[in-house]
Amino acid sequence: MNDQKKAVVSEENREESRRLRLLWDQRKNKMSQAEFGQTFDIGSQAAVGHFLNGHSAISMKAARGFAKGLGCEISDFSPRLGSEAADLQSIAGTAVMPASGPVSIPESWSEQLPEGYVRLEHLSPTPSMGAGTTWTEPLQVVRHLDVLESWVRQKVGSVDYNRIKILTGCGQSMLPTIHDQDLVFVDINQNTIDLPGIYVVDVYGRLLLKRALILSDGTLVLKSDNFEEFPDEERIDLRKSADIVTVAGRVKAWWTLRRG
């Protein structure tokens with residue numbers, strides 16, 4: 001797989017960045033990009049710059065950070081993300097209704113768990129469905145999500161729920177299977193690739209979400225489902241380079257928010 005291969009940035013993404021740049025240039029708080037990214041949990045100076053200059057599509061996490069730091073609404077620069085954020089807020093408002101859907105967001109950890117749900121941790125790492133995300137920030141719990149227990153049993157399997165963590169996938173390389181910003185349910189106890197499947201893997205410090213398998217000669221193969229845009233495979237000889245690969249877990253299920 002070519003490390004330089006990046007997810008396609010659409011014209012809509014670039015227009016969002018242009019609107020964001022205008023708001024950025026009008027801001028009253030003149031902290032640097034590095035300070036802004038750290039203060040509002042967007043990422044490094046490079047990440048802030050890429051979002052502002054249209055080199056990367058603005059993620060939901062970044063959109064929330066920019067909106068907070070600039071004192072605006074997400075919809076002011078991205079109607080698309082603003083609509084998705086409103087949909088997520090609507091889901092959060094139904095947290096006490098067990099029949100509302102498979103996933104809901106409690107307002108606080110102390111809130112009573114709705115009957116028929118299990119509470120899972122949504123963690124801060126955002127594995128890349130592209131060239132790879134370099135993860136340097138400390139691991140944090142972003143929020144807790146209440147997930148319908150019967151849905152978890154059906155989609156994830158009968159495992160200890162403490163093994164299941166939720167991450168947000170970023171990028172286009174696993175389309176049409178997993179979409180950008182999908183919630184992925186990862187079994188963090190599966191730290192070896194014993195069967196072909198979709199895994200979260202740290203390679204050379206890059207956090208990837210890819211389809212993975214190990215050949216009989218000990219070669220790890222990482223590939224994308226979006227073969228048209230990401231045709232290259234990454235092959236790693238584990239007999240020589242096992243120390244640069246860490247399996248964070250196997251993706252057991254994913255959840256996509258669809259707009260009508």
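The values are calculated or read from the model by the stated rules, or taken from the named source; none is laboratory data. These numbers were taken from a predicted model, which means no experiment stands behind them. Heads up, the Cβs are rebuilt from the backbone with ideal geometry, glycines too, and the neighbour counts pull from every protein chain shown. Surface accessibility is based on the protein's heavy atoms, side chains included, excluding ligands, DNA and RNA. Shrake-Rupley method; radii C 1.70, N 1.55, O 1.52, S 1.80 Å.
Taken along its principal axes, the alpha carbon cloud of the range 135-260 reaches lengths of 42, 33, 31 Å, longest axis first.
A simple spin-label model places the labels of L113 and R18 5.0 nm from each other, with each point 7 Å out along Cα-to-Cβ. Decide, for the range 154-219, between rounded, prolate and oblate: order the square roots of the alpha carbon gyration tensor eigenvalues as a ≥ b ≥ c, take rounded if a/c falls under 1.5, and otherwise choose prolate if a/b is larger than b/c, else oblate. Taking the square roots of the gyration eigenvalues as a ≥ b ≥ c, the range 154-219 is oblate. For trypsin sites (Lys or Arg not before Pro), the sites in the range 185-260 that DSSP calls loop and that have at most 14 other Cβ atoms within 10 Å are R258, R259. Of the cross-linked pairs K165/K223; K68/K155; K210/K240; K155/K223; K68/K165, those separated by over 32 Å at the C-alpha level are K68/K155.
For the range 159-260, the list of GluC sites (Glu not before Pro) that fall in a loop by DSSP and count at most 16 other C-beta atoms within 10 angstrom reads E228, E229, E233. Over the Cα atoms of the range 33-78, the radius of gyration divided by the Kirkwood radius equals 0.92; this is the Rg/Rh ratio. Here the label points at S83 and Q38, each 7 Å from Cα along the C-beta direction, are separated by 3.8 nm in the simple model. Simple point charges give the picture: +1 on the Cβ of Lys and Arg, -1 on the Cβ of Asp and Glu, and for the range 214-260 a dipole about the Cα centre of about 400 debye.
In this simple spin-label model, placing a label point 7 Å from the Cα along the Cα-to-Cβ direction at both S150 and D225 gives a separation of 2.6 nm. Backbone phi angles across the range 233-249, fed through the Karplus curve with coefficients 6.51, -1.76 and 1.60 (θ = phi - 60°), yield HN-Hα couplings of 9, 9, 10, 10, 7, 5, 5, 10, 10, 4, 6, 9, 10, 10, 8, 7, x Hz in residue order; Gly and Pro are listed as x. Computed 3J(HN,Hα) for the range 198-212, one whole-Hz value per residue from the Karplus formula 6.51 cos²θ - 1.76 cosθ + 1.60 where θ = phi - 60°, is 9, 10, 9, 10, 9, 10, 6, x, 9, 8, 10, 10, 9, 7, 9, glycine and proline marked x. Remark: the range 70-79, residue by residue, has Karplus-estimated 3J(HN,Hα) of 9, x, 10, 9, 4, 5, 5, 10, 9, x Hz, where x stands for each Gly or Pro and the curve is 6.51 cos²θ - 1.76 cosθ + 1.60 at θ = phi - 60°. Solvent-accessible surface of the range 9-79, taken per residue with a 1.4 Å probe and all protein chains present: 52 Å².
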